[in-house]
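The values are calculated or read from the model by the stated rules, or taken from the named source; none is laboratory data. Note that the coordinates shown come from a computational prediction; the quantities given were computed from them, not determined experimentally. Neighbour counts are summed over all protein chains in view; Cβ atoms, including those assigned to glycine, are modelled from backbone coordinates with ideal geometry. Surface areas here come from the heavy atoms of the whole protein model, side chains and all, with no ligands, DNA or RNA. Shrake-Rupley method; radii C 1.70, N 1.55, O 1.52, S 1.80 Å.
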Amino acid sequence: MAVYAAAAGVLAGVESRQGSIKGLVYSSNFQNVKQLYALVCETQRYSAVLDAVIASAGLLRAEKKLRPHLAKVLVYELLLGKGFRGGGGRWKALLGRHQARLKAELARLKVHRGVSRNEDLLEVGSRPGPASQLPRFVRVNTLKTCSDDVVDYFKRKGFSYQGRASSADDLRALKGKRFLLDPVVPELLAFPAQTDLHEHPLYRAGHLILQDRASCLPAMLLDPPPGSHVIDACAAPGNKTSHLAALLKNQGKIFAFDLDAKRLSSMATLLARAGVSCCELAEDDFLAVSPSDPRYSQSRQLEEPGARTPSPERLHALAGFQQRALCHALTFPSLQRLVYSTCSLCQEENEDVVRGALQQNPGAFRLAPVLPTWPLRGLSRFPGAEHCLRASPETTLSGGFFVAVIERVEAPSSASQAEASAPECTPSPAPKRKKRRRQAAADAHTLPGT
């Protein structure tokens, strides 16, 4: 079945840091995203168990053409999932040859660990915890509708609107068909955990954007006024870019860069559905973009390398790349305000990167103090790090996230812009790539009727 190959592709993309599970699922073009998302999440949850069973059974040695990520998905389905009921095709036949050995190795693993249930094989960090109980956050897309109309729509459908939440405890207490307005992010609604809106008509029409609470912070904190020019350095899958367009009211310009053509194509579809018409997509490396290019002479910046917990070697490489990307962003002469964000909580990718960039530009930029009531702040690794924001499921009811807002201490004059030169941390020249630019546009839609 195509779902197994799609799930393997998502797992490989997550491991190679191409994006989050949710982002890669929605950019996969697989029709049944709910089925794909569930399969990927469960396979990843049991990843360590599956690795142990596959290794003990010698599956990859026996089936040399079977790739590791696909093997993991297939073994999950055979031993822990639906067991290829009603499908599976050639994969069912392939694993059928190893079924007895795989089941025996799973049973042996349970005996070795002294457990009787599959669930008990999970490490503590892999068991359902706070992340699985997060509210379902939904951003109202103001390019097509407004919060009042969306609230009225849900109320007509039997939901009870509780107004603006006063604290995180209000969000945690959501149950049944109740929903709230987030106390921090404008236009963000919160529904009870596990609320499924993927097939909802408002989502399908682009009136609602399913977006994590913390991932709404970058665009909100950049806060570009209508008419601004904004650079989104690592743009796909596009939720934050659509948020920027909403804040701009489609007035101005967003230059969005990403190197993955497939993700960029999916992003164009997302932006079109959201009614975004001010965004120019470029299949290009942001590090290869010249700060002196006149197209970017009026730009603010949204710099967002995504991340997850990597190996020490991978972490070192990622931190180096992100340091170069952030330093490159700070060389744009007209830069006024920059948001650096990752979906990582590793100090090396966050506070260390920000500190290094500021040290390379002494006196030119500073960390802007933002959201003073936000409960989770940056690690105290350097003076001013408390101005950075961190997010976690336990404290802020969101995915793991880091955000720093950097602003120029003094806006440059026209003369200084012409004379500006790159700081020492400017990266080595990147190889030139062929650019493919797309314009995302869509007609406005009215709110669906009851």
*How high is the relative contact order of the chain, in percent, with contacts defined as C-alpha pairs under 8 Å that are six or more residues apart?*
14 percent
*Whole-Å distance, taken between Cα centres, linking segment 345-367 and segment 283-297*: 22 Å
*Part-to-part distance (alpha-carbon centres) for segment 199-270 and segment 27-93, which is given in Å*: 33 Å
*Considering only DSSP beta bridges where both residues belong to the chain, give the percentage that are antiparallel (nearest 5).*
60 percent
*Pull up all non-local amide H partners of Val230: gap of 5 or more, or a different chain, and H-to-H distance under 5 Å with H placed in the peptide plane.*
Lys253, Ile254, Phe255, Arg300
*Taking only pairs that are 8 or more places apart or on different chains, how many Lys pairs in segment 153-309 have Cα atoms under 22 angstrom apart?*
7
*What chymotrypsin sites (Phe, Trp or Tyr not before Pro) in segment 287-379 are in a loop by DSSP, with at most 12 other Cβ atoms within 10 Å of the Cβ?*
none
*Please calculate the 1.4 Å probe accessible area of Asp148, with all protein chains present, and give it to the nearest 10 Å².*
110 Å²
_Just to be sure I understand, if you calculate semi-axes √(5λ) of the Cα gyration tensor in Å for this structure, which of (1) 36, 23, 22; (2) 36, 26, 19; (3) 38, 27, 22 do you get?_
(3)
*Between Asn29 and Gln194, what is the label-to-label distance in nm when each label sits 7 Å out along the Cα-to-Cβ direction?*
3.4 nm
*For Lys72, go through the lysines and keep the ones whose alpha-carbon is under 20 Å away, minus same-chain ones fewer than eight residues off.*
Lys22, Lys34, Lys64, Lys82, Lys92, Lys103, Lys110
*If the convex hull of the alpha-carbon atoms of segment 349-397 is projected onto planes in all directions, what is the mean projected area in square nanometres?*
3.6 nm²
*Simple spin-label model, 7 Å along Cα-to-Cβ: Ala107 to Ser297 in nm?*
7.5 nm
*What's the Cα-based Rg to Rh of segment 245-387, Rh via Kirkwood?*
0.97
